[in-house]
Amino acid sequence: MKELNKYGTNRVLEPSGVLPQAATKISNDMTIYENEILIDVITLNIDSASFTQIKNACNKDVVKMEEMILDIVNTRGKMQNPVTGSGGMLIGTIKEIGSKFPNSNIKVGDKIATLVSLSLTPLKIKKINSINLDNDQVNIAGEAILFESGIFAQVPSDMDEHLVLAALDVAGAPAQVDKLVKKNDTVLIIGAAGKSGVLCAHQAMKNAGPNGTVIGVVNETWQVELLKELNLCHKVVLADATNAIEVYEKVKAVHDELADVTINVVNVQNTEMSCILSTKDDGVVYFFSMATSFTKAALGAEGVGSDVTMIIGNGYTKGHAELTLNVVNNNKNIKELFERLYT
Ligand code: NAP
């Protein structure tokens with residue numbers, strides 16, 4: 001076994017000098033270095049923007065999707081969608097631990113969820129067993145490698161692994177909401193009926209409190225009903241998030257103030273301006289969506305004279321996994337929804 005850099009740069013094949021996430025090709029040779037661990041992969045949770053792109057490009061044909069996923073992984077050594085640039089995460093069991101891997105609280109056989117993106121995780125797929133078109137999860141036989149710097153969480157033995165995978169995939173979102181939303185805030189959640197949407201809505205309701213207002217934006221009538229039933233938003237607006245004026249007008253129609261904090265958790269492009277227009281000048285927009293364009297957000301805000309603060313949705317923030325699993329475990333409605341969708 002050879003030692004490598006803690007960020008896995010020794011595995012970068014093309015182009016040289018970049019970190020694994022930015023690389024177009026990394027080595028997925030499954031012989032581990034001393035500071036890596038080898039994982040027997042059970043399931044990939046492809047990030048929603050990526051999964052949606054693949055699903056649409058293949059017209060929901062599972063065989064074509066399988067070919068496309070295998071082609072990406074064989075070409076790049078990792079599951080990084082070349083169109084969206086995004087990855088996802090995985091669950092699996094630890095197969096081998098390098099002698100210099102820093103975390104000594106793990107052992108071979110432990111079931112873990114990686115909390116670093118698949119867009120930088122060396123991966124080899126032997127076989128795709130099944131693709132779930134409804135929840136972005138792909139069951140495989142294969143192996144992956146976690147670098148010394150790679151964060152992960154143990155899968156709690158009392159929770160379903162697919163549910164844990166789904167929740168942890170978007171753990172950064174509710175944890176950031178916890179940091180951003182203050183008592184009495186008006187909070188707008190664009191894509192509120194999605195996986196991260198409901199987790200963010202729960203956290204926003206909690207932080208904003210009884211005198212705050214949480215407004216969800218969704219694009220299907222059944223999603224309006226769902227959010228009302230789950231008691232996750234004070235108000236729900238039915239609008240197309242790619243139509244900035246529609247969202248802005250409808251938000252103004254249901255509430256007398258624009259948002260202090262707007263959370264973008266959709267999985268499609270061209271939603272930057274809905275967020276910017278619907279947020280107060282001194283407010284914050286948190287772009288968690290992987291379909292966000294920096295150029296569209298930056299130039300779009302300038303174009304409408306908005307002084308809004310815009311935050312890129314870092315998938316990681318301290319304590320994000322614990323906070324997210326607590327939300328699922330403590331909110332009966334979300335737990336039941338997730339059990340229905342992911343187990
Ligand atoms: P999800 O469960 O698929 O939710 C996305 C939601 O957006 C769905 O409810 C979808 O509704 C809705 N939506 C789509 N188009 C819309 C439109 N035009 N108007 C209004 N709503 C619309 O996705 P997720 O897993 O929560 O992920 C959300 C986003 O976070 C994705 O972009 C994902 O890639 C990203 N992500 C980011 C990170 C990070 O580190 N920043 C990590 C993981 C995921 P329909 O189902 O009706 O289309």
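The values are calculated or read from the model by the stated rules, or taken from the named source; none is laboratory data. Every value quoted in this text rests on a predicted model; they were computed, and no experiment measured them. Quick reminder, even Gly has a Cβ in these numbers, built from the backbone with ideal geometry, and neighbours come from all protein chains shown. These accessible areas exclude ligands, DNA and RNA; they are computed on the full protein's heavy atoms, side chains included. Shrake-Rupley method; radii C 1.70, N 1.55, O 1.52, S 1.80 Å.
The set of residues in the stretch 323-334 being touching a residue at least 24 places away in the same chain (Cβ under 8 Å) and part of a helix (DSSP H, G or I) consists of 323, 324, 325, 327, 328, 329, 333, 334.
Starting from the stretch 193-215, take each residue that is on the phi < 0 side of the Ramachandran plot and among the polar types (S, T, N, Q) and list its partners that are open to solvent by 10 Å² or more (accessible area, probe 1.4 Å) and not in a loop (DSSP other than H, G, I, E, B), counting only C-beta distances under 7 angstrom and pairs at least six apart or across chains. Filtered contacts from the stretch 193-215: 203/178; 207/178; 213/235.
Given the condition polar (S, T, N, Q) and either without any contact (Cβ under 8 Å) to a residue 12 or more places away in the chain or over 30 Å from residue 238 (Cα atoms) (or both), answer yes or no: does some residue in the stretch 169-180 qualify? Walk me through it before giving the result.
First, pick out the residues of the stretch 169-180 that are polar (S, T, N, Q): 176.
Cutting the leftovers down to either without any contact (Cβ under 8 Å) to a residue 12 or more places away in the chain or over 30 Å from residue 238 (Cα atoms) (or both) gives us none.
Within the stretch 169-180, not a single residue is polar (S, T, N, Q) and either without any contact (Cβ under 8 Å) to a residue 12 or more places away in the chain or over 30 Å from residue 238 (Cα atoms) (or both).
Within the stretch 41-80, the set of residues being in contact with a strand residue (DSSP E or B) (Cβ under 6 Å, 6 or more places away or on another chain), within 15 Å of the ligand (Cβ to nearest atom) and β-branched (Val, Ile, Thr) comprises 43, 46.
Do we find a residue being in contact (Cβ under 8 Å) with a residue 12 or more places away in the chain, within 16 Å of the ligand (Cβ to nearest atom) and more than 20 Å from the chain's Cα centre (by Cα) anywhere in the stretch 301-315?
no
Considering (1) surrounded by fewer than 16 Cβ atoms within 10 Å (Cβ to Cβ); (2) touching a strand residue (DSSP E or B) at 6+ places or on another chain (Cβ under 9 Å); (3) β-branched (Val, Ile, Thr), the lone condition that residue 308 does not fulfil carries the number (1).
Report whether or not residue 296 is at pLDDT 95 or above, open to solvent by 60 Å² or more (accessible area, probe 1.4 Å) and away from the ligand (no atom under 15 Å from the Cβ).
no
What do you reckon, is residue 79 buried (at least 24 other Cβ atoms within 10 Å of the Cβ) and assigned to a loop (DSSP other than H, G, I, E, B)?
Working: buried (at least 24 other Cβ atoms within 10 Å of the Cβ): yes; assigned to a loop (DSSP other than H, G, I, E, B): yes.
For residue 79, the condition - buried (at least 24 other Cβ atoms within 10 Å of the Cβ) and assigned to a loop (DSSP other than H, G, I, E, B) - is met.
Out of 148, 161, 143, one residue alone is closer than 30 Å to residue 10 by Cβ and in contact with a strand residue (DSSP E or B) (Cβ under 7 Å, 6 or more places away or on another chain). It is 143. On the stretch given as the stretch 260-286, residues that are open to solvent by 10 Å² or more (accessible area, probe 1.4 Å) and under 19 Å from residue 184 (Cα atoms) total 5. Among (1) open to solvent by less than 40 Å² (accessible area, probe 1.4 Å); (2) of a type outside the set (S, T, N, Q); (3) under 23 Å from the mean Cα position of the chain (by Cα), there is one condition residue 36 misses while meeting the rest; what is its number? Single failed check for residue 36: (3). Within the stretch 99-108, is there a residue that is among the aliphatic types (A, V, I, L, M) and either outside any loop (DSSP other than H, G, I, E, B) or more than 19 Å from residue 56 (Cα to Cα) (or both)? The answer is yes; a qualifying residue exists.
To keep it simple, each residue is scored yes or no on (1) of a type outside the set (Phe, Trp, Tyr); (2) farther than 16 Å from residue 169 by Cα; (3) open to solvent by 50 Å² or more (accessible area, probe 1.4 Å).
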position	(1), (2), (3)
106	yes, yes, no
111	yes, no, yes
118	yes, no, no
125	yes, yes, no
129	yes, yes, yes
132	yes, no, yes
135	yes, no, no
